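The values are calculated or read from the model by the stated rules, or taken from the named source; none is laboratory data. This is a predicted model, so every value here is computed, not measured. All Cβ positions, glycine included, derive from the backbone under ideal geometry; neighbour counts span all protein chains shown. To get the accessible areas, we keep the full protein, side chains included, count just its heavy atoms, and leave off ligands, DNA and RNA. Shrake-Rupley method; radii C 1.70, N 1.55, O 1.52, S 1.80 Å.
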Amino acid sequence: MTTKNPLRFSLFAAACAAPLLLSQGQAFAQAAPADQAQEAEDDSPIEITVFAQKREQRLQDVPIQVSAFGSTILNDAGVKDIKDLTVLTPGLLVTSTTSETVTTARVRGVGTVGDNPGLESSVGVIIDGVFRPRNGVGFNDLGELERIEVLKGPQGTLFGKNTSSGLIQIFTAKPKFDWGTNAEFTVGEEGTFGGSGAITGPLIEDKLAVRIYGAVRSRNGLTDVVRGPGPRAQDQDTDQSFASFRGQLLWTPVDRFDFRLIGDYTSRNENCCVATAVESINPTAGANASAVFIDALAGGQGTGHRAGTRTLDPGFGTFDRVAFSNRGTEQAIREWGLSGESTLDVGFAKLIGLLSWRNWEVNNGQDSDFTAADIFFRPFNGDFGNEFKTFSAELRAQGEAFSGRFNWVVGGFYANEDLQRRDTFLYGTANETYFSLLLSGGLNPNQIAGITGLAPGQSFRTGFGLRDVYNQTTNSFAGFSQVSWKIFESLEFTGGVRYTSDNKDLDVAFTNTDGGAACGAVLGRVGAGVPLPAAAVGLICLPFNNPRFNGQTLTDTRSDNQVTGTAKLAWKPIDNILFFGGYSRGFKAGGFNLDREQTPTFAVDPDLSFAEETVNAYEVGTKTTWLNGNLLLNLTGFFNNFEGFQLNTFLGTTFVVQSIPEVTSRGFDFDFLWATPFEGLTLQGGTTIANTKYGDFGEFVTINGVRTLVFAGSTTPIPSGLALLPGEKLSFAPLISSSFGFSYERNLFQKLLFRLSLNGRYTSAYSTASDLLRAKDQPAFTLFNGRVGFSSPDERFTVEFFANNLFNKDYIQVGFNGPFQGGSGVTNTGPNAGIYNPNLDTISYFSFLGPQRIAGVSAKFKY
């Protein structure tokens with residue numbers, strides 16, 4: 001586990017400064033590399049090509065807000081997966097929670113929480129033209145990158161559903177018809193070790209080329225673990241161990257036809273994720289009272305929360321990176337895929353076909369109470385995990401007419417997705433005792449037995465609980481078309497439309513391996529007229545204990561049919577300035593909450609469905625080019641209005657999906673790229689200002705004489721866990737996010753190529769919790785990634801020193817409430833409904849942390 005050590009930063013700084021000191025006084029007298037010298041001689045402008053409209057265009061000609069990054073800057077910033085992109089992309093936030101497969105991408109403050117696979121993503125991830133069904137499925141080593149594009153705002157016309165907030169397009173390196181090979185070896189802090197290698201070249205001259213890539217990486221855990229009574233074996237967590245392989249063939253039998261075949265396989269065997277304690281903001285003693293019971297049941301220190309106070313125990317602060325977990329947190333991921341893309345040029349058009357088959361599966365273990373007491377767990381035995389089997393096909397034709405004044409694309413898309421979610425939630429050895437202590441205020445360890453009438457230890461038997469299986473099949477069809485018409489040489493209209501039909505079938509099998517004994521006994525006694533405390537009945541008869549689920553099956557179907565589209569105008573009064581404005585409509589399909597739901601009378605709720613989400617988006621902007629093409633300045637203003645926003649939130653026992661009537665996101669995106677007049681120095685950066693808020697969807701009414709917070713226009717109470725939301729900013733929606741960086745390259749004495757890069761990101765304060773409780777807020781912070789490299793003149797050999805999170809900034813990814821470890825005091829009824837009073841907050845809070853600084857060195861070879 002990393003501790004803060006100023007020597008590491010000093011060594012990195014010395015590596016950065018050394019070449020500057022060696023060549024003092026000659027900073028701008030050195031000869032530039034050949035490609036830069038040619039640019040300087042010809043005064044060549046910056047040219048960035050993007051595929052944002054399914055055809056290659058100059059970035060400055062596309063009427064869309066796009067952040068585009070080539071392989072060099074991606075390497076400089078240390079980008080190996082989509083989470084790393086955040087340091088380069090203002091307005092993009094990517095976080096993980098209970099597992100790295102539970103990853104959520106958000107653009108301009110809007111995304112879909114990834115804990116529940118029943119919800120599809122708001123930010124799409126496409127790799128080499130193939131859509132990934134969820135953000136977490138796209139979270140893997142990306143291999144050899146050609147470029148990445150981040151498109152902001154709805155992109156549904158050309159890229160389909162589930163891009164209502166944005167899209168991440170990833171392009172990997174293609175096979176080449178010249179032989180080449182490269183290798184990379186990396187060592188670093190926390191036991192970081194890894195390597196990758198690739199080879200490419202012709203199998204048949206000018207006809208068939210191959211590219212093969214492989215990588216193996218490992219790292220020790222970033223968090224130490226206090227295991228308590230066990231049986232957990234690992235004393236570290238959040239480690240890394242994976243292997244990835246990617247093979248490609250490129251076939252070009254004739255000039256007008258090419259076919260690219262891609263196969264990939266990834267295997268990960270890791271431990272993730274435990275959580276560290278977060279201090280309560282309750283100023284009174286008595287907060288975190290549950291810590292008293294947890295410490296006793298763990299046989300000593302069971303949680304980082306100091307028993308009976310609002311503070312944390314010394315040595316177990318949030319960023320001491322010590323967690324408590326007596327159960328394993330294994331994660332095993334297997335993913336493979338095969339895709340084929342063909343392009344045929346028939347003269348007036350290109351015909352493109354793309355087929356893909358993918359399989360992704362994760363099996364997890366989890367310590368579900370996040371303490372060293374054995375209360376709840378999910379074993380690593382195959383009963384807890386998700387599997388996606390997907391097939392997709394796209395066929396499109398595109399071309400241009402009238403000397404390029406008219407560009408068009410028309411196509412169809414089909415996707416079949418089979419999703420299986422396996423869930424289990426089992427009682428630990430201390431479960432019954434812990435709940436007895438909660439109900440009795442610590443006075444009676446057999447309180448549960450007294451309520452259920454069962455013998456002690458028989459209400460919640462160790463290793464028993466729920467085992468549920470959800471099978472969902474989705475068939476999605478779409479037809480789309482888009483045209484761009486240059487009405488005049490300086491004025492272009494772009495319009496497009498897409499029709500999507502999305503159909504889901506759900507089959508669920510519920511099981512309580514003990515038959516729901518405790519709740520069954522309680523409901524029987526209540527039915528017989530035995531007076532029992534309502535709080536005790538409610539606690540014992542939560543959905544995972546409820547016997548009415550046992551043996552039950554559910555089947556359901558859902559269909560969504562939507563027309564989406566876009567209309568934009570782009571005006572170019574002079575060659576270096578583009579003004580654009582337009583409207584887009586996006587769509588995210590409805591679906592099913594893949595979790596148990598029950599009614600207030602403890603009946604099984606047979607309706608797990610939730611409605612679709614739509615967005616109407618408006619943008620105006622300008623893209624400008626200055627200094628002979630060496631400076632790009634772009635500015636976009638946006639207003640997005642979401643209806644039926646799909647909010648997935650954890651209420652302490654189950655996930656609930658609630659459709660929020662309205663969410664708005666408004667603000668500005670600014671970015672720049674400057675190839676400065678100083679040889680080899682390039683600056684880039686940008687800022688997103690996004691005010692992303694819930695609509696004021698709540699109102700107070702009187703129900704049975706009680707003042708109640710309800711959804712506006714109805715008598716349906718807003719759940720207490722959502723009572724703070726109306727009119728407030730969304731979680732994970734910072735008002736300001738900025739990226740900034742530079743790269744500097746020059747020759748040293750004609751014998752060595754030196755390259756220095758630094759990339760940073762500033763993020764203003766935001767909440768990390770869907771319930772907006774203040775203890776889970778993340779203050780404003782800034783991260784930096786740095787890299788300094790030395791290469792031979794021909795760049796065949798390179799040594800790079802790197803540091804991610806260079807200044808070792810502490811921050812949390814996600815904060816959450818400890819399960820059954822206190823209450824917030826927020827209610828939806830009474831005079832204080834919808835008001836947070838920290839004096840009433842007794843929750844033990846936890847967090848999943850962002851990674852600390854990892855510094856190391858890479859050796860690279862290229863031939």
Regarding region 131-140, can at least one residue be identified that is β-branched (Val, Ile, Thr), open to solvent by less than 20 Å² (accessible area, probe 1.4 Å) and without any contact (Cβ under 8 Å) to a residue 60 or more places away in the chain? no
Region 92-108, subset open to solvent by less than 10 Å² (accessible area, probe 1.4 Å) and part of a loop (DSSP other than H, G, I, E, B), residue nearest to Ser738 (Cα to Cα): Arg108
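Sort through Phe602, Phe587, Phe580 and tell me the only one that's open to solvent by less than 50 Å² (accessible area, probe 1.4 Å), in a loop (DSSP other than H, G, I, E, B) and in contact (Cβ under 8 Å) with a residue 12 or more places away in the chain. Steps first, answer last, please.
Numbers: Phe587 fails: in a loop (DSSP other than H, G, I, E, B); Phe580 fails: in a loop (DSSP other than H, G, I, E, B).
Result of the check over Phe602, Phe587, Phe580: Phe602.
Which one of these is open to solvent by 20 Å² or more (accessible area, probe 1.4 Å), over 24 Å from the mean Cα position of the chain (by Cα), within 19 Å of Gly818 (Cα to Cα) and aromatic (Phe, Trp, Tyr): Phe348, Phe293? Before the answer, list the steps.
Numbers: Phe348 fails: within 19 Å of Gly818 (Cα to Cα).
The match here is Phe293.
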Every residue in region 151-194 that is under 24 Å from the mean Cα position of the chain (by Cα), in a loop (DSSP other than H, G, I, E, B) and more than 30 Å from Val110 (Cβ to Cβ), please. Ala173
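Residues checked against (1) in contact with a strand residue (DSSP E or B) (Cβ under 6 Å, 6 or more places away or on another chain); (2) open to solvent by less than 30 Å² (accessible area, probe 1.4 Å); (3) in contact (Cβ under 8 Å) with a residue 24 or more places away in the chain; (4) not aromatic (Phe, Trp, Tyr):
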position: Ala277; (1), (2), (3), (4): yes, yes, yes, yes
position: Ala298; (1), (2), (3), (4): no, yes, yes, yes
position: Ser325; (1), (2), (3), (4): yes, yes, yes, yes
position: Gln331; (1), (2), (3), (4): yes, yes, yes, yes
position: Arg334; (1), (2), (3), (4): yes, no, yes, yes
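Looking only at region 648-669, which residues are in contact (Cβ under 8 Å) with a residue 40 or more places away in the chain and hydrophobic (A, V, I, L, M, F, W, C)? Break it down stepwise before answering.
Filtering region 648-669 down to residues in contact (Cβ under 8 Å) with a residue 40 or more places away in the chain leaves 648-661, 663, 665, 667, 669.
Across region 648-669, the qualifying residues are Phe650, Leu651, Phe655, Val656, Val657, Ile660, Val663.
Within region 525-540, how many residues turn out to be assigned to a helix (DSSP H, G or I) and either among the hydrophobic types (A, V, I, L, M, F, W, C) or touching a residue at least 12 places away in the same chain (Cβ under 8 Å) (or both)? Walk me through it before giving the result.
Just the residues of region 525-540 that are assigned to a helix (DSSP H, G or I), to begin with: 525-527, 534-540.
Among the residues that remain, those that are also either among the hydrophobic types (A, V, I, L, M, F, W, C) or touching a residue at least 12 places away in the same chain (Cβ under 8 Å) (or both) are: 525-526, 534-537, 539-540.
Result for region 525-540: 8.
Provide a single number: the residues in region 483-524 that are assigned to a strand (DSSP E or B) and either open to solvent by 10 Å² or more (accessible area, probe 1.4 Å) or on the phi > 0 side of the Ramachandran plot (or both).
In the first step, residues of region 483-524 are kept if they are assigned to a strand (DSSP E or B); the result is 483-488, 491-509, 512.
From what is left, the residues that are either open to solvent by 10 Å² or more (accessible area, probe 1.4 Å) or on the phi > 0 side of the Ramachandran plot (or both) are 483, 485-488, 491-493, 495-497, 499, 501, 503, 505, 507, 509.
Adding up the residues that qualify gives 17.
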Right, Thr200: within 23 Å of Pro851 (Cβ to Cβ) and not aromatic (Phe, Trp, Tyr) or not? no
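Among the strands (runs of 3 or more DSSP E) contained in region 637-716, which hold 2 or more residues that are among the polar types (S, T, N, Q)?
Values: elements: 655-675, 681-694, 698-703, 706-711.
Correct list: 655-675, 681-694.
Looking at the structure I just gave you, is Asp374 in a loop (DSSP other than H, G, I, E, B), open to solvent by less than 40 Å² (accessible area, probe 1.4 Å) and in contact with a Ser or Thr (Cβ under 7 Å, 6 or more places away or on another chain)?
Numbers: in a loop (DSSP other than H, G, I, E, B): yes; open to solvent by less than 40 Å² (accessible area, probe 1.4 Å): yes; in contact with a Ser or Thr (Cβ under 7 Å, 6 or more places away or on another chain): yes.
Answer is yes for this residue.
Evaluate region 686-696: report whether one residue or more is aliphatic (A, V, I, L, M), buried (at least 17 other Cβ atoms within 10 Å of the Cβ), at pLDDT below 95 and under 27 Å from the mean Cα position of the chain (by Cα). Write out each step before concluding.
Initially, region 686-696 is screened for residues aliphatic (A, V, I, L, M), giving 689-690.
From the residues that got through so far, the ones that are buried (at least 17 other Cβ atoms within 10 Å of the Cβ) too are 689-690.
Checking which are at pLDDT below 95 leaves us with none.
Scanning region 686-696, I find no residue that is aliphatic (A, V, I, L, M), buried (at least 17 other Cβ atoms within 10 Å of the Cβ), at pLDDT below 95 and under 27 Å from the mean Cα position of the chain (by Cα), so the answer is no.
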State the number of residues belonging to region 424-450 that are touching a strand residue (DSSP E or B) at 6+ places or on another chain (Cβ under 9 Å) and surrounded by fewer than 20 Cβ atoms within 10 Å (Cβ to Cβ). 0
Counting only residues that are surrounded by fewer than 18 Cβ atoms within 10 Å (Cβ to Cβ), at pLDDT 90 or above and of a type outside the set (A, V, I, L, M, F, W, C), how many does region 300-319 have? 1
In region 541-563, is there at least one residue being of a type in the set (A, V, I, L, M), closer than 23 Å to Glu432 by Cα, in contact with a Lys or Arg (Cβ under 7 Å, 6 or more places away or on another chain) and in contact (Cβ under 8 Å) with a residue 40 or more places away in the chain? no
Scope region 207-232; condition touching a Lys or Arg at 6+ places or on another chain (Cβ under 9 Å), of a type outside the set (A, V, I, L, M, F, W, C), open to solvent by 40 Å² or more (accessible area, probe 1.4 Å) and part of a strand (DSSP E or B); matching residues: Asp224
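Looking at Phe732, Phe742, which one is on the phi > 0 side of the Ramachandran plot and either among the hydrophobic types (A, V, I, L, M, F, W, C) or surrounded by 21 or more Cβ atoms within 10 Å (Cβ to Cβ) (or both)? Working first, answer last.
Values: Phe742 fails: on the phi > 0 side of the Ramachandran plot.
Checking each option against the conditions leaves just Phe732.
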Of the residues Gly411, Gly353, Gly382, Gly365, which is within 30 Å of Tyr265 (Cβ to Cβ) and open to solvent by 20 Å² or more (accessible area, probe 1.4 Å)? Gly382
Residue under evaluation Ile718, criteria (1) buried (at least 19 other Cβ atoms within 10 Å of the Cβ); (2) β-branched (Val, Ile, Thr); (3) out of contact with any Pro (no Cβ under 9 Å at 6 or more places or on another chain), criterion not met: (3)
For a quick check of your reading: which strands (runs of 3 or more DSSP E) sit entirely within region 752-844 and have at least 2 residues that are on the phi > 0 side of the Ramachandran plot, β-branched (Val, Ile, Thr) and free of Cβ contacts under 8 Å to residues at least 40 places away in the same chain? none
Subset of region 745-757 (residues that are aromatic (Phe, Trp, Tyr) and open to solvent by less than 10 Å² (accessible area, probe 1.4 Å)): Phe754
Has region 546-553 got at least one residue that is part of a strand (DSSP E or B), modelled with pLDDT of 95 or more and touching a Phe, Trp or Tyr at 6+ places or on another chain (Cβ under 9 Å)? yes
Looking only at region 444-460, count every residue that is under 44 Å from the mean Cα position of the chain (by Cα), free of Cβ contacts under 8 Å to residues at least 40 places away in the same chain and part of a loop (DSSP other than H, G, I, E, B) and tell me the total. 5
Determine whether Leu74 is touching a Phe, Trp or Tyr at 6+ places or on another chain (Cβ under 9 Å) and either open to solvent by 10 Å² or more (accessible area, probe 1.4 Å) or outside any loop (DSSP other than H, G, I, E, B) (or both). no
